[in-house]
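The values are calculated or read from the model by the stated rules, or taken from the named source; none is laboratory data. Everything numeric in this text was worked out from a predicted model, so none of it was measured. When we count neighbours, we look across all protein chains shown, and the Cβ atoms used for this are built from the backbone with ideal geometry, even at glycine. Heavy atoms of the whole protein, side chains included, go into the accessibility calculation; ligands, DNA and RNA do not. Shrake-Rupley method; radii C 1.70, N 1.55, O 1.52, S 1.80 Å.
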Amino acid sequence: MKHSIREFTAMLLKNFQNHINDNLSFLKGSRLLIAISGGIDSVVLVHLCHQLNLNVALAHCNFNLRGKESDGDEDFVIQLANSIDIEAFTESFDTQGYANEHKISVQMAAREMRYFWFDELAQQLQFDYILTAHHADDNLETFLINFSRGTGLDGLTGIPEINNKFVRPLLPFSREQIVDYAKDNQLEWRVDSSNASTKYLRNKLRHEVIPILKEINPSLLQSYQSTINNLSDATDIVEDHLEQFFQEAVVSIEESKMTFKISEFKKQNNPRAYLFETFKDYGFTEWNDALNLLDAQSGKYILSNTHRLIKHQDHLLLSKIVPGELIEIVVSDTSQEIETPFGMMCFSEVDEISDNSTTSIYVDRALLKFPLLIRQWKVGDVFFPFGMKGRKKVSKYFKDEKLSLLDKESTLLLCSENNIVWIVNRRADNRFRVTEATQEILKIELK
């Protein structure tokens, strides 16, 4: 039986209402913010939500990338909001400047800025959810982009319909359905001229690749949805197993690093797959290098743009790469409490040595030459370990103590002139120890 376009569009509204009732009922009675570009997809989403009397407001980003056309989009959104008597929020962005400053693409800059603003707007004005107009064709495009660039199961399961506060109620519907609905209801919308360009991968897939795939298989979207459902079921099984693996493999989670047992990776039939699932979200891409790390010498590591994965004895240490910052803190006198990255360093005069802890030392006050300096260790540093005769390279001390690369990097020294007084929180220097000749005992501790 053939249906008219009008019947199809009435069917879309009914199907949209059923989808809300059956799967997204939490949207009813919620305060909703619709992300609107002015294009056909977001205009149809606004129209459908308005038809269902949902409590919505509009949010529009002017990225200032298309001159008068961008300003026209903003004006259109304001007029649309006025015509149906709902609130609209707009924000103007220096997208190109942001992209240049952060050394990212214009597309990525626009994405970061708009999602940050949506979140901020929702938080400040107490919107419960943010709706975007992604639909089934967008989902297919995302699948193909991820597939072409290389990805895991997560990248093949499409755009999530619900992701925290973001909800995509048009995801089950096709672009064809949306266009028919807009034309049948004589809706107006803005056309983004940049969408016609095949300069960007998404547009190239949309205009050149997907039409051929639909010609080969007219039911492509339905086939794709079936594939997505199967992949999602497989992902659930994988995640259940990975959760058990993580419980066994993770030794500790600290602010500066995560520690994993190498033995748990080696137990698996395919350690490379487990390395991928464990560290894929940290920017690593060379998985054979990660696999080789399991049998590498202690201290070997691999890098992503944001993180470092280090082999340390029987463990892998994951840490975020922090841009190098030279730490040099001057201590003018003992009346100061000095803030360090690891706590407050305090100085107090005492009558006797009352405890023995790595977080505090006792020194002969008269042997110190002020100002003191707190700094990071460097190659060539030597000290005289407390309780021992002779000197020792700090690097050799680290090796004997079996410190990881991260521990070495985070170690600070307290120095008097060019002499080490204390490897902070680890070992005092014998030259400044308290003796029978000491007249003034100074306690130095980190709190």
Original post:
Counting only protein heavy atoms and using a 1.4 Å probe, what share of the accessible area of segment 1-93 belongs to carbon plus sulfur, as a whole percent?
Top reply: 47
**OP:** Over the chain, average the accessible area per residue using a 1.4 Å probe and give it in Å², no decimals.
**Re:** 57
Original post:
Can you work out ³J(HN,Hα) from phi for every residue in segment 305-311, in order, using Karplus 6.51 cos²θ - 1.76 cosθ + 1.60 and θ = phi - 60°, giving whole Hz and x for Gly and Pro?
Top reply: 5, 10, 9, 10, 10, 10, 8
Subject >> Loop-located chymotrypsin sites (Phe, Trp or Tyr not before Pro) in segment 199-272, at most 16 other Cβ atoms within 10 Å (DSSP) >> reply: Tyr200
Subject >> Computed [θ] at 222 nm, helices only, for the chain once each DSSP H run of length n ≥ 4 contributes -39500 (n - 2.57) >> reply: -12000 deg cm²/dmol
Subject >> Long-range HN-HN contacts of Asp192 with modeled amide H, under 5 Å >> reply: none
**OP:** If a/c stays under 1.5 just call it rounded; otherwise compare a/b with b/c (prolate if a/b is bigger, oblate if not). Do that for segment 1-90, with a ≥ b ≥ c from the square roots of the Cα gyration tensor eigenvalues.
**Re:** oblate
Original post:
What helices in the chain pass both tests, a Cα length along the helix axis of 30 Å or more and a mean Kyte hydropathy of -1.0 or higher, using whole DSSP H runs?
Top reply: 220-249
Subject >> Links that overshoot a 22 Å alpha carbon limit, given the list Lys267/Lys396; Lys300/Lys389; Lys300/Lys378; Lys199/Lys320 >> reply: Lys267/Lys396; Lys300/Lys389; Lys199/Lys320
Original post:
Using the beta-carbon distance between Lys103 and Asp281 and R0 = 25 Å, what value does 1/(1 + (r/R0)^6) give for FRET efficiency, to the nearest 0.05?
Top reply: 0.75
**OP:** Only loop residues by DSSP count here, and only those with at most 15 other Cβ atoms within 10 Å; note down the trypsin sites (Lys or Arg not before Pro) in segment 1-101 that meet that.
**Re:** Lys2, Lys28, Arg66
Original post:
On the accessible surface of segment 100-162, probed at 1.4 Å, how many percent belong to carbon and sulfur atoms?
Top reply: 50
Original post:
What nm value, rounded to one decimal, do you get for the distance between Phe147 and Ser92 when each label is placed 7 Å out toward the C-beta?
Top reply: 4.3
Subject >> 15 Å cut-off, amide nitrogen to a point 7 angstrom out along Gln17 Cα→Cβ, residues in segment 110-136 >> reply: none
Subject >> Of Lys280/Lys311; Lys402/Lys443; Lys261/Lys399, pairs whose Cα-Cα distance is over 19 Å >> reply: Lys402/Lys443; Lys261/Lys399
Subject >> Karplus-derived HN-Hα couplings along segment 187-198 (A = 6.51, B = -1.76, C = 1.60, θ = phi - 60°), whole Hz, x at Gly and Pro >> reply: 6, 9, 8, 9, 10, 7, 4, 5, 6, 7, 7, 9
Original post:
Tell me, what ³J(HN,Hα) does each residue in segment 400-410 have, in order and in whole Hz, if you take phi through Karplus 6.51 cos²θ - 1.76 cosθ + 1.60 with θ = phi - 60° and put x for Gly and Pro?
Top reply: 5, 7, 6, 6, 6, 4, 5, 5, 4, 5, 8
**OP:** Determine the order of Trp422, Trp287, Trp377, Trp189 by accessible area, beginning with the largest, at a probe radius of 1.4 Å.
**Re:** Trp189, Trp377, Trp287, Trp422
Original post:
Taking K and R as +1 and D and E as -1, what net charge do the other residues with C-beta under 10 Å from the C-beta of Phe347 add up to?
Top reply: -2
**OP:** Could you tally the net charge around Glu436, taking each other residue with its Cβ under 14 Å from the Cβ of Glu436, Lys/Arg +1 and Asp/Glu -1?
**Re:** -2
**OP:** Mark the label point 7 Å from the Cα of Ile84 along Cα→Cβ and return the residues of segment 22-66 whose backbone N is within less than 11 Å of it.
**Re:** 34, 42-58
Original post:
Under a straight-distance cross-link criterion of Cα-Cα below 17 Å, which lysines are reachable from Lys28, leaving out those fewer than 8 residues away in the same chain?
Top reply: Lys14, Lys165
Subject >> Per DSSP, loop trypsin sites (Lys or Arg not before Pro) in segment 91-174 with at most 10 further Cβ within 10 Å >> reply: Lys103
**OP:** For segment 352-447, give the percent of accessible area contributed by carbon and sulfur heavy atoms, probe 1.4 Å, rounded to a whole number.
**Re:** 46
Original post:
Using a ≥ b ≥ c from the Cα gyration tensor of the chain (square roots of the eigenvalues), is it rounded, prolate or oblate, where a/c under 1.5 gives rounded and otherwise the larger of a/b and b/c decides, a/b for prolate?
Top reply: prolate
